[in-house]
Amino acid sequence: MEPFLTVRGVVAPMLAANIDTDVIMPKQFLKGIDRQGLGRGVFFDQRFLKSGAPDPTFVLNQPPWQDARFLAVGPNFGCGSSREHAVWGLKQLGIRALIGTTFAGIFFDNCHRNGLLTVELDRDAFAGFAALAEDPALAEIAIDLEQQRIEMPAGRVFEFAITPIEKDALLRGLDAIGSTLEKVDLIDAFEKRHLTANPWLA
Amino acid sequence: MHGPRTLYDKLIDAHTVCPLDDRGHVLLYVDRQVLNEYTSPQAFGGLREAGRGVRRPQTHLAVVDHVNSTSPRRRAVAPQEGGALQVNYFAENCRAFDIEYFDILDPRQGIEHVVAPEQGFVLPGMVVAAGDSHTTTYGALGALGFGIGTSSIEHLLATQTLSYKRLKTLHVIVEGATGFGVTSKDIIMAVIRQIGASGATGYAIEFSGSAIAALSIEARMTICNMAVEAGARGALIAPDHKVYDYLAGRPRAPRGNIWRQAVAAWRQLKTDPGARFDRVVSLDAGTIEPLVTWGTSPDQAATIGGRVPDPAGEPDPQRRRDLVRALRYMGLKPGTPMIDVEITHAFIGSCTNSRIEDLREVAAIVKGKRVCETVRAMIVPGSTAVRAQAQAEGLGQIFVDAGFEWRQSGCSMCLGMNDDVLKPGDRCASSTNRNFEGRQGAGVRTHLMSPAMVAAAALCGHLCDVRALRREARA
Ligand code: SF4
């Protein structure tokens, strides 16, 4: 997994509430057995016209947002289906972080397993951030994960919270399975106790 | 040793291998996993690439449900190229890693969340994960079920554990008797409407109260299934004698002495008196009416006697924009009575409402009647076993005589990953769980409601109050 240190780039506003993973990655892109080719699927029904040409009214097709590396998103972003394809696609499109107020639980986990940072601001801070993010002249920002800061043009700074365990995994780009397997003795011991006490679980 | 604890906290404590920090992250032991063909391929691919194995193959169950055909004369192959590829790879992975696998023509096949309880694969007190958000369904059996992404599926296959963050707890209490024609689907839709589509984000819900206790296990599954539409990543109902009766004798349920030992342990699975929840919400079941959605989020619902709302009345500008967008997508004018909304399609199916009790209820409404000629109506049973049971009870014939397509089991039009897709502009009364933009096909308009209400709409050609039909039938 690609580590997340300081990332600079354009932030695009997508402030509607409850943008679900069906919208982020429609079903026709879920038919593979690998992770390839999902960048094109992201927001497909909104991003492209029937002809296949980009829809000029969609935010990610407009300058300066067509090169966005960050999205400012409405509440409950990523709700619905568990499909990790949504996160793979966002990453393939070049998105490195999402800034919002709340993220759906499975989607949040999927982001963090793939090095996609989710920044949760409280409602007031987010309102301030979103107002700036909607201004195309202020789109260039930087996110410094180590310092837990979003740096906006003209010296505006938003600080954010993240748990140490999540931060560490993102900063180091850890292989989660490898780390867990280091605890295999603990798992073995737990399993033995658990299955002896509850034999119907064996 | 402990103070009073909630059922959720007891289950997490009993499955914690070790804490990972002091912020609620734990390494959680998972007892069972259900696998499907479309979220698992990259997990198996990851294991293969890293040369890792599956730690306890017997704790996973693999079912094909999303991409298979539901045609009455379907074959062993999935209808589209991508789906066929996924099914082949799924079968190959289950063989290679020694995981029990139900293929398309297996008599035990069906939607994963219908099949797993049916097989007795999920038991009270278990922690169960699956690469599908509706894994919350298993709360009806007193098991903590939750959806996970593909990276976590791989992690679970390899280690039998997940890195898990403990949730906050929300107690939803539903007291009183539901009115005539009101189902468990209406109860959960009322909860979602009240707390919102993200009202339970970050929480596990425990449902209790006399209205919940009165429900059958299948009706409780509908409640726990849709809890995820309020954002909950776990839904529990403390197990009772109905759960034990439901499970006794099922293929994977324990037997003999171990069964008796298990039931004795399951009786302890309840929230201690005095345990504190982070939040409590109460509903009076007697005030709940049949609900239908008008928007593109499951919390955008009105009573069947209500009207499409007017965005002009919404003070918050972003919420007003969202409302306008939802109504534009749905092709609905503010103020339209819900019963004036005409449909082109009716769909009864999905892991929310496709079990035998749902089908019996539908049959009681449509028996001897005809589907409106402007409507294409489909019934897709939740499992091949449900279909066989419905055939044996004569329900299949009732559906066919009434003009419904009576199909084979699978997810089907709940998300249209197979060949069951609608056209832009189609409007579908649906017993499913998500009315998202494009869920049943690009540009398709979905109205969620109970299976009884879908049946009524299929007969009338527009949304209508099932209570009126039933009163007529009684008179
Ligand atoms: S029936 Fe629908 S919601 Fe349920 S598992 Fe299948 S696609 Fe998902």
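The values are calculated or read from the model by the stated rules, or taken from the named source; none is laboratory data. What you see is a predicted model, and the numbers here were worked out from it, not measured in a lab. Cβ coordinates were reconstructed from backbone atoms using ideal geometry, including for glycine residues, and neighbour counts include every protein chain displayed.
Points to keep in mind about this one:
- Options B:V324, B:V362; residue that is within 14 Å of chain A (Cβ to nearest Cβ), away from the ligand (no atom under 16 Å from the Cβ) and modelled with pLDDT of 95 or more: B:V324
- In segment A:39-46 there is at least one residue that is assigned to a loop (DSSP other than H, G, I, E, B) and touching a residue at least 40 places away in the same chain (Cβ under 8 Å).
- Screening segment B:153-196 for residues that are closer than 19 Å to B:G139 by Cβ and among the small types (G, A, S) and picking the one that is surrounded by the fewest Cβ atoms within 10 Å (Cβ to Cβ) gives B:A190.
- Residue list for segment A:105-143, restricted to those being part of a helix (DSSP H, G or I), under 26 Å from A:A169 (Cα atoms) and of a type in the set (A, V, I, L, M, F, W, C): A:I106, A:F107, A:F108, A:C111, A:A125, A:F126, A:F129
- In segment B:9-22, the residues that are within 12 Å of chain A (Cβ to nearest Cβ) and closer than 18 Å to B:L156 by Cα reach residues that are buried (at least 20 other Cβ atoms within 10 Å of the Cβ) and of a type in the set (D, E, K, R) with C-beta atoms within less than 8 angstrom, at least six apart or across chains, in these pairs: B:H15/B:D31.
- Filtered residue count, segment B:407-429, keeping only those that are out of contact with any Pro (no Cβ under 7 Å at 6 or more places or on another chain) and more than 10 Å from the ligand (Cβ to nearest atom): 10
- The residue that is nearest to the ligand (Cβ to nearest atom), counting only those in segment B:39-55 that are assigned to a helix (DSSP H, G or I) and not hydrophobic (A, V, I, L, M, F, W, C), is B:P41.
- Cβ-Cβ distances below 7 Å connect the following pairs, each with a first residue in segment B:297-319 that is more than 13 Å from chain A (Cβ to nearest Cβ), a second residue that is surrounded by fewer than 15 Cβ atoms within 10 Å (Cβ to Cβ) and in a strand (DSSP E or B), and a separation of six or more residues or different chains: B:R307/B:P337.
- Just so you know, in segment B:400-440 the residues that are without any contact (Cβ under 8 Å) to a residue 60 or more places away in the chain and aliphatic (A, V, I, L, M) include one that is surrounded by the fewest Cβ atoms within 10 Å (Cβ to Cβ), and it is B:V400.
- The number of residues in segment B:321-366 that are among the basic types (K, R) and either surrounded by fewer than 15 Cβ atoms within 10 Å (Cβ to Cβ) or touching a Leu at 6+ places or on another chain (Cβ under 9 Å) (or both) comes to 4.
Rundown of residues vs (1) away from chain A (no Cβ under 14 Å); (2) within 27 Å of B:N418 (Cβ to Cβ), yes/no style:
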site	(1), (2)
B:R95	yes, yes
B:E112	no, yes
B:G125	no, no
B:H134	no, yes
B:G149	no, yes
B:T161	no, no
B:H171	yes, no
B:G176	yes, no
